[in-house]
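The values are calculated or read from the model by the stated rules, or taken from the named source; none is laboratory data. Because the structure is a prediction, the values reported are computed rather than measured. Because the Cβ atoms are built from the backbone with ideal geometry, glycine has one as well, and the counts that use them run over all protein chains shown.
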Amino acid sequence: MGSGFRVTGNSHVINCYALNNGSVDGFAPDKAGIVVTGDGSRIEGNSCFGNNGSGIYLFGANTIRNLVVHNSVPGQGTGIDATQSVRDLNQIAPEHGPAELDTLTNPYLNFGK
């Protein structure tokens with residue numbers, strides 16, 4: 001069993017569910033609910049629960065200019081996973097948990113932690 005959705009670029013993954021994906025012993029990208037390995041994709045409004053890895057995983061040197069907003073990834077080891085160098089090349093809204101909801105004002109937040 002691998003990741004739920006895998007996109008290589010110029011794709012939209014919008015309002016989808018990625019539930020219970022990946023094997024416990026698999027390679028990190030094969031455990032995530034949504035894996036993004038290319039550029040120019042929009043990952044928005046998705047729910048990722050019960051995956052054996054990250055909820056959303058941005059992976060690889062060519063993973064640039066992607067937009068990641070409004071996703072729900074609670075209870076994952078890492079909700080939205082990417083190295084800092086990959087994060088710097090993409091637009092990933094902050095990820096916050098339920099304890100912070102009363103004080104948040106950013107309309108693009110990802111829900112997790």
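Summary of computed values
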| read-out | value |
| --- | --- |
| Per-region count, segment 44-92, residues among the small types (Gly, Ala, Ser), surrounded by 15 or more Cβ atoms within 10 Å (Cβ to Cβ) and under 12 Å from the mean Cα position of the chain (by Cα) | 7 |
| All positions within segment 80-107 that are outside any helix (DSSP H, G or I) and at pLDDT below 85 | 96, 97, 104, 105, 106, 107 |
| Only one of 33, 2, 40 that is under 14 Å from the mean Cα position of the chain (by Cα) and small (Gly, Ala, Ser) | 33 |
| Enumeration of residues in segment 9-25 that are more than 16 Å from residue 81 (Cα to Cα) and surrounded by 14 or more Cβ atoms within 10 Å (Cβ to Cβ) | 9, 11, 13, 16 |
| Residue match in segment 52-71 (condition: at pLDDT 90 or above, out of contact with any Asp or Glu (no Cβ under 9 Å at 6 or more places or on another chain) and not in a loop (DSSP other than H, G, I, E, B)) | no |
| Any hit, segment 31-39, residues being surrounded by fewer than 23 Cβ atoms within 10 Å (Cβ to Cβ) and of a type in the set (Gly, Ala, Ser) | yes |
| Test: residue in segment 5-20 that is in a loop (DSSP other than H, G, I, E, B), modelled with pLDDT under 95, under 12 Å from the mean Cα position of the chain (by Cα) and of a type in the set (Gly, Ala, Ser) | no |
| Condition check for residue 105: out of contact with any helix residue (DSSP H, G or I) (no Cβ under 7 Å at 6 or more places or on another chain), of a type in the set (Val, Ile, Thr) and over 18 Å from residue 7 (Cα atoms) | yes |
| Residue check, residue 32 out of contact with any His (no Cβ under 9 Å at 6 or more places or on another chain) and within 12 Å of residue 6 (Cβ to Cβ) | yes |
| Subset of segment 71-94 [closer than 19 Å to residue 13 by Cβ and of a type in the set (D, E, K, R)] | 81, 87 |
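Each row is one residue, and each column tells you yes or no for (1) touching a strand residue (DSSP E or B) at 6+ places or on another chain (Cβ under 9 Å); (2) among the aromatic types (Phe, Trp, Tyr).
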site: 61; (1), (2): no, no
site: 70; (1), (2): yes, no
site: 97; (1), (2): yes, no
site: 111; (1), (2): yes, yes
